[in-house]
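The structure appears right after this line, and notes come after that.
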């Protein structure tokens, strides 16, 4: 039991940075699929909680120094903002494990000025869904698809 928990720590840390790394790491460490899935969810939610509650501080202290709001937003930025408003928090949460990182998705969600509880709920639902999908896919097809050093 303790060995399984110690093996799960790198899975949590990897999925806190990039979601897909969690199931890959769990498969490489030969963890049980349920342990891998739960560790992946935990890793993403650690990032989401940290950046949801410290994101305002980061935005005020850190990002305001480097990124000034544009007086005349570019055409691509306008299109990006239209997409954010069209798909909203659900779209961001859906695409966070696929394309974005948990950190990037959370920062985008904070930028929409949605309530923190809603951000956490949507990201949790997305993490649970995608963790099950990725873990099942990797554990089912990993032997045939993944390189030898992961097997």
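The values are calculated or read from the model by the stated rules, or taken from the named source; none is laboratory data. Keep in mind it's a predicted model, so treat the numbers as computed, not measured. So basically every Cβ, Gly included, is an ideal-geometry build from the backbone, and we count neighbours across all protein chains shown.
Given the conditions (1) surrounded by fewer than 16 Cβ atoms within 10 Å (Cβ to Cβ); (2) part of a helix (DSSP H, G or I), which single one is not true for residue 98? Exception for residue 98: condition (2).
To keep it simple, each residue is scored yes or no on (1) at pLDDT 75 or above; (2) touching a helix residue (DSSP H, G or I) at 6+ places or on another chain (Cβ under 6 Å); (3) farther than 23 Å from residue 11 by Cβ.
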site	(1), (2), (3)
70	no, no, yes
89	yes, yes, yes
100	yes, no, no
131	yes, yes, no
139	yes, yes, no
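Look through the range 1-27, keep the residues that are touching a residue at least 60 places away in the same chain (Cβ under 8 Å) and buried (at least 20 other Cβ atoms within 10 Å of the Cβ), and return whichever of them is farthest from the chain's Cα centre (by Cα). Only one residue tops the list, namely 27. Among the residues making up the range 46-57, those that are out of contact with any helix residue (DSSP H, G or I) (no Cβ under 6 Å at 6 or more places or on another chain) and either within 17 Å of residue 95 (Cα to Cα) or in contact (Cβ under 8 Å) with a residue 24 or more places away in the chain (or both) are 49, 53, 56.
The residue of the range 109-128 that is surrounded by the fewest Cβ atoms within 10 Å (Cβ to Cβ), among those that are outside any loop (DSSP other than H, G, I, E, B) and free of Cβ contacts under 8 Å to residues at least 12 places away in the same chain, is 117.
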